[in-house]
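Have a look at the structure below before the remarks.
The values are calculated or read from the model by the stated rules, or taken from the named source; none is laboratory data. Owing to the predicted nature of the structure, the values given are computational and were not obtained by experimental measurement. Note: ideal-geometry Cβ built from the backbone for every residue, glycine included; neighbour counts use all protein chains shown.
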Amino acid sequence: MNKYEKLKQQINPDRLPRHIAVIMDGNGRWANKRGANRLFGHKNGAEAVRACIEASVEIGIKYLTVYAFSTENWSRPEDEVKGLLKLILDSLIREIDELSQNNIIVRFIGTTTNLPPDYRMKVDAECQKTWNNTGLNLNIAMNYGGRVELLDAMKSMIPDILNGKITTNNLDEMMFEKYLYTASMPDPDLMIRTSGEKRLSNYLIWQSAYTELYFTEILWPDFKKVAFLEAIIDFQSRNRKFGGV
Ligand code: FPP
């Protein structure tokens, strides 16, 4: 039995994280170590995404949300930004049939500001092919920022405030969450960040209020199925209190 199969047996199926969020960090350093350009790192990073999706399907994770491009990533050199946008769309188009055959529902979450006008249309056309599926929910955070998400939520609430649906008396956390990109999804139970950095970087900042954080030195392109299961096993050893005792 290989290491992955052994780890799979260690996983407690009754305590699986329902939702895993991932900050895929370290592509640039991984490429740099090999004397290659940063896009080479991102391309290999896309393979690690595939590995984590496969493992998620195999063990029965319901939600996986990966941080593909942040609202802050526009400040990177133009060729890297262009390359990343293209890599993400090309990967989606190439993989969508296989994702769908595996019963995966694919969604992009993020804001549309700054994206080329036809980008989101192309993305939606691909994602829609999977929306009748019932297995893993794969969220790709694209042009995503937690603060912008909160502002977008507030903006989309305004009509409901004006028509009286939302009042100071009935506005609570549950109602507010209906306006987030993640409406009707459970909050992440586990957030993984690779490459040794220990920050949330504006990722799912509302949703991660009680999320267990897992940091590893592994650079993202090397984060494959074994590393993914190790993170879940670590999560299962934790005692979650949600502010209680
Ligand atoms: C962070 O590493 C990584 C990103 C900003 C991009 C992540 C994107 C992918 C893995 C592409 C594939 C995604 C999908 C969904 C197909 P970094 O560039 O900040 O690395 P560094 O800190 O070492 O420079």
Qualifying positions in the range 156-181 - more than 23 Å from the chain's Cα centre (by Cα), in a helix (DSSP H, G or I) and exposed (fewer than 12 other Cβ atoms within 10 Å of the Cβ): ILE158, PRO159, LEU162
Out of GLU212, GLU230, sole residue that is under 23 Å from GLY41 (Cβ atoms) and among the charged types (D, E, K, R): GLU230
Residue in the range 20-61 that is surrounded by the most Cβ atoms within 10 Å (Cβ to Cβ), counting only those that are within 26 Å of GLY146 (Cα to Cα) and among the charged types (D, E, K, R): ASP25
Tabulated pairs, the range 62-83, first over 30 Å from ASN103 (Cβ atoms), second within 11 Å of the ligand (Cβ to nearest atom) and modelled with pLDDT of 95 or more, C-beta under 6 angstrom, 6+ apart or interchain: GLU80/ARG38; GLY83/LEU39
From ASP187, ASP152, residue being farther than 21 Å from VAL22 by Cα, surrounded by 14 or more Cβ atoms within 10 Å (Cβ to Cβ) and in contact (Cβ under 8 Å) with a residue 40 or more places away in the chain: ASP152
Unique residue being in contact with a strand residue (DSSP E or B) (Cβ under 7 Å, 6 or more places away or on another chain) and either exposed (fewer than 12 other Cβ atoms within 10 Å of the Cβ) or not in a strand (DSSP E or B) (or both) when the list is ASN139, ASN133, ASN103: ASN133
Those residues of the range 24-74 which are near the ligand (Cβ under 7 Å from one of its atoms), part of a helix (DSSP H, G or I) and among the aromatic types (Phe, Trp, Tyr), in sequence order: TRP30
Options ASP124, ASP118, ASP160: the member that is closer than 23 Å to ALA21 by Cα and acidic (Asp, Glu): ASP124
Check on TRP74, surrounded by fewer than 15 Cβ atoms within 10 Å (Cβ to Cβ), aromatic (Phe, Trp, Tyr) and at pLDDT 95 or above: yes
